Structure formats: C-alpha cells, structure tokens
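Asks: The structure follows.
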Amino acid sequence: GMAAREGRFCRPLLEATKAQILACLEDMGQPYRLDATNGCPDNPRNALRLEVMPSLRRIYPGGEAALGRFAQLAAQAGDYLEEQARAYLDRQARGTPWGGVLDLEAVHPAVLCQALALWTQAGDFDRIQALMALCGKDRGALAWGPLRFERTGTRLYRIDARLEPPGQSVPLGHGAGL
C-alpha cells in the first residue's frame, strides 16, 4: 500500500475515512469533488474500494481497522528487516570488477532473503526463492540474463557477463582469483 510519506510525497489524509473527510469539507464550506473514474471497478484499487472493502465491513465490521493495523505492523517489520539486511550486506558483501561476492554466514532466512533482494536488485519473488535454495546447497549455479550466481563453499558469487574479461571465466573457489 501507500506510505504516508514517501520521498517528496506526503499523504496527510491517508488514515482519514471518507466520512471524516466529507465532514471536514462541510465544516469548511468546501464542495466535495469526485473523479468519475473512481466509480469504475476496472482497476484493482477501485475494485478493492468498491467491492471488497464493503463486503469486508459487512462480514467483519472491525476488519478494515484490523487490516490497517496489520499494514502498519508489516511496514514497521519490513523497515527493520531491511535495516538488518543492509547491515548484513555491509559485513558480508563486497564488489568485484566482475560483479560481487557474498560471504554467507548463519543468519535468519528472512534477513538473507531481504539481503539477496537488495544485493541482486531483483524484485522477482521466484528469483529470490531460487537464490535462497542455492544458498541452502554446498555448490550450484543459476543464471538469468547476463547474471550468473554460483555457490562455492561459504560464498555466493554474482557474475555479470557484461563485466567479465572477454574469453575468460571468473575463477571461483576459496580465495581463487579474488
């Protein structure tokens, strides 16, 4: 969902209900403006607002507030997890002329998963899960596009074919070529 503050954007009314906004406008003597596209359930956001949320309110009257609390807690947990993943990368990752190397250490799987997402800049869940599986093995490799990931010993290597010297493979192994 949206954050109340994100970069240069501020959404001060994000927590306000429609009824609260309408009451405030009435108190101020301001008219309410309606964007005609808001009533069209063709996009997912409108469908949620027009169909799913009214059903949730009817079935579980406290559900909307519970979802809001859950979203707030999830955002806080996500911030903390990203902070832990960045600290892990600061300790364990380093760049190389051809990509990078991550010294794997015992760490909570959620921190490793977030660290891999940051380190690879891959937002794709399936790719991160494939890397998590690779980290669980002693040896192995996988590739997507120009990137190749190889697990050797306690290290995970990220090799960018665009940065590899022509006609040469990056030598892997404990300390080899590093």
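Asks: Quick one: pull the percent of accessible area on the chain belonging to carbon and sulfur, 1.4 Å probe, ligands and nucleic acids left out.
Replies: Heavy-atom surface of the chain belonging to carbon and sulfur, 1.4 Å probe: 56 percent.
Asks: At 1.4 Å probe size, what's the solvent-accessible area of LEU102? Round to the nearest 10 Å².
Replies: 0
Asks: What is the helix-to-structure angle for 109-120, meaning the angle in degrees between its Cα long axis and the longest Cα principal axis of the chain, kept from 0 to 90 and rounded to the nearest 10?
Replies: Approximately 80 degrees, to the nearest 10.
Asks: OK, next. Taking R0 as 35 Å, what's the FRET efficiency between GLU6 and ILE59 from their Cβ-Cβ distance, rounded to 0.05?
Replies: So the FRET efficiency works out to roughly 0.65.
Asks: While we're on this one: I'd like the trypsin sites (Lys or Arg not before Pro) in segment 74-156 restricted to DSSP loop residues with at most 12 other Cβ atoms within 10 Å, sorted by number.
Replies: LYS137
Asks: GLU26 accessible area, nearest 10 Å², 1.4 Å probe?
Replies: 150
Asks: Quick check: residue separation of GLN20 and ARG33 times 0.36 nm, minus the Cα distance between them. What number comes out in nm?
Replies: 3.2 nm
Asks: Oh, and also: Taking the chain as a Gaussian network, Cα atoms linked when under 10 Å apart, which of GLN121, GLN72, GLN84 shows the biggest mean-square fluctuation?
Replies: It is GLN121.
Asks: In debye, nearest 20: dipole of the chain around its Cα centre with unit charges on the Cβ of K, R (+) and D, E (-)?
Replies: Rounded to the nearest 20 debye, it is 180 debye.
Asks: Select one label from [x] 157; [y] 187; [z] 176: the one whose number is volume of the Cα convex hull per residue in Å³ as derived from the coordinates shown.
Replies: Calculated volume of the Cα convex hull per residue in Å³: the matching label is [y].
Asks: Select from THR37, THR152, THR120 the residue whose mean-square fluctuation is largest in a Gaussian network model of the chain (Cα-Cα springs shorter than 10 Å).
Replies: Of THR37, THR152, THR120, the most mobile in the Gaussian network model is THR37.
Asks: Using a probe radius of 1.4 Å on heavy atoms only, what accessible surface per residue do you get for the chain? Whole Å² is fine.
Replies: Here the residues of the chain average 70 Å² of exposed surface.
Asks: Using protein chains only and a probe of 1.4 angstrom, how many square angstrom of TYR32 are accessible, to the nearest 10?
Replies: 110
Asks: Please list, ordered by chain and number, the residues whose modelled amide H lies under 5 Å from the amide H of ALA16; skip anything fewer than 5 residues away on the same chain.
Replies: none
Asks: What shape does segment 3-53 take by its C-alpha gyration tensor, where a ≥ b ≥ c are the square roots of the eigenvalues and a/c under 1.5 counts as rounded, a/b above b/c as prolate, and the rest as oblate?
Replies: Oblate, since a/c reaches 1.5 and b/c is not below a/b.
Asks: Just to be sure I understand: with springs between alpha-carbon atoms less than 10 Å apart, which residue in GLY95, GLY63, GLY145 has the highest mean-square fluctuation in the Gaussian network model of the chain?
Replies: Looking only at GLY95, GLY63, GLY145, the largest GNM fluctuation is found for GLY145.
Asks: Right, next: Between 0 and 90 degrees, rounded to the nearest ten: what's the tilt of helix 18-28 against the longest Cα principal axis of the chain?
Replies: The angle comes out at about 60 degrees.
Asks: Projected onto the charge dipole of segment 38-156 (+1 at Lys/Arg Cβ, -1 at Asp/Glu Cβ, origin at the Cα centre), which of ALA65, GLY39, GLY136 gives the Cα projection farthest towards the positive end?
Replies: GLY136
Asks: If you don't mind, another one. Roughly how tilted is helix 63-92, in degrees to the nearest 10 and between 0 and 90, from the longest Cα axis of the chain?
Replies: Relative to the chain, helix 63-92 is tipped by roughly 20 degrees.
The values are calculated or read from the model by the stated rules, or taken from the named source; none is laboratory data. All of these numbers come straight from a predicted model, not from anything done at the bench. Using ideal geometry, Cβ is built from the backbone for each residue, glycine included, and neighbour counts are taken over all protein chains shown. The area values use the complete protein model at the heavy-atom level, side chains included, leaving out ligands, DNA and RNA. Shrake-Rupley method; radii C 1.70, N 1.55, O 1.52, S 1.80 Å.
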